[in-house]
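This report refers to the structure that appears directly beneath it.
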Amino acid sequence: MSDPIPANEIGVGPWPGPWPVAPGGGVDPRYDAELLREGDRRNVQDRYRYWTMAAIVADLDTRRHDFHVAIENWGHDFNIGSVVRTANAFNAAAFHIVGRRRWNRRGAMVTDRYQHEHHHVDAAALATWARQETGGIPLVGIDNLPGSRPLETFDLPRSCVLVFGQEGPGLSDAMRTECEVVLHIEQFGSTRSINAGAAAAISMHAWTRRHVFDQSP
């Protein structure tokens, strides 16, 4: 067992005993020598302890899900980081930043490093990218707009881009035009809308229930 970790720290201490060996001999290349020596305090699942970042990304790539996440970035919204972190948790194929290239990464908690990131200057550029993918990928907007359909009863396509606007104004007019459908999350309280990060988490979970657990709406 690794060294005990204080209650206020996460992760594991230095690797105990001989370092892991590759089948052909030598230290297994998946492992990071510095982490083996010093311990691994990163917020990663236990099976990835001591692995290099490149090795983790390569393993995630073998089982990425078929949905993408796109976020409009016109006002440096701090919620973008939260959306990206959730995209990592659900192992999205990639995340897309639409608008400003620079975005507020603080809420991502470095999870963006384990994802594939794409940038598009505007909604039209995202739509062009989606059409050029194999078979075409529909843009599915998430916003509580007039004429939107309930997420809870909509059969989400396996391959799609879940598109989120920035906190407050929601999806831009240009993005609404490019979306094949816009879905809303049913609410039952007094507030008009929910946080963009929360809406993204609900939407990705809905995709997972449909296409990982085969739960039809």
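Structure data summary
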item	result
Radius of gyration, Dmax [the stretch 128-191; alpha carbons; angstrom]	12.5, 42
Separation between Cα centres of the stretch 187-217 and the stretch 95-111, rounded to whole Å	21
Cα centroid separation - the stretch 67-93 against the stretch 128-163, whole Å	15
FRET efficiency, 1/(1 + (r/R0)^6) with R0 22 Å, evaluated for HIS205 and ARG149 via beta carbons	0.80
Volume in Å³ per residue [convex hull over Cα atoms, computed for the stretch 107-217]	134
Rel. contact order, % - alpha carbon contacts under 8 angstrom, at least six apart, the stretch 10-103	24
Options ALA130, LEU151, ALA93, ranked by Cα towards positive dipole end of the stretch 70-217, top entry (Cβ charges)	ALA93
Dipole moment magnitude, nearest 20 debye, the stretch 77-217 about Cα centre, only Lys, Arg, Asp, Glu C-beta charged	420
Among LEU162, VAL110, VAL140 - extreme Cα towards positive end, dipole of the stretch 89-171, charges at beta-carbon	VAL110
Gyration tensor verdict on the stretch 62-135 (Cα atoms; rounded if a/c is under 1.5, prolate if a/b is larger than b/c, oblate otherwise)	oblate
Leading residue at positive end of dipole, the chain (Cβ point charges), from PHE188, LEU35, ALA55	LEU35
Most mobile of ALA174, ALA123, ALA196 in a GNM of the chain (Cα contacts under 10 Å)	ALA174
Charge context of LEU126, other residues only, Cβ under 15 angstrom, K/R +1, D/E -1	-3
Whole-percent carbon and sulfur share, accessible surface of the chain, 1.4 Å	52
Computed accessible area, PHE213, all protein chains, 1.4 angstrom probe, square angstrom	130
Residues of the chain: accessible area per residue with a 1.4 Å probe, Å²	54
Two-site FRET efficiency, ASP214 against THR52, from Cβ-Cβ distance with R₀ of 30 Å, rounded to 0.05	0.30
Qualifying trypsin sites (Lys or Arg not before Pro) in the stretch 49-144, DSSP loop, other Cβ atoms within 10 Å at most 12	ARG63, ARG101, ARG102
Spread of Cα-to-Cα distances over 10 Å intervals beginning at zero, given as percent, for the stretch 1-128	12, 34, 28, 18, 7, 1
Of VAL181, VAL27, VAL12, the one that fluctuates the most in a GNM where the chain has Cα springs shorter than 10 Å	VAL27
Of all DSSP beta bridges in the chain, antiparallel share, percent nearest 5	15
Counting DSSP beta bridges with both ends in the stretch 17-142, the antiparallel % (nearest 5)	20
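The values are calculated or read from the model by the stated rules, or taken from the named source; none is laboratory data. What you are looking at is a predicted structure, and each value in this text was computed from that prediction instead of being measured. With ideal geometry, Cβ positions are generated from the backbone for all residues, glycine too; neighbour counts draw on all protein chains shown. Heads up: the accessible areas ignore ligands, DNA and RNA and are worked out on the full protein's heavy atoms, side chains in. Shrake-Rupley method; radii C 1.70, N 1.55, O 1.52, S 1.80 Å.
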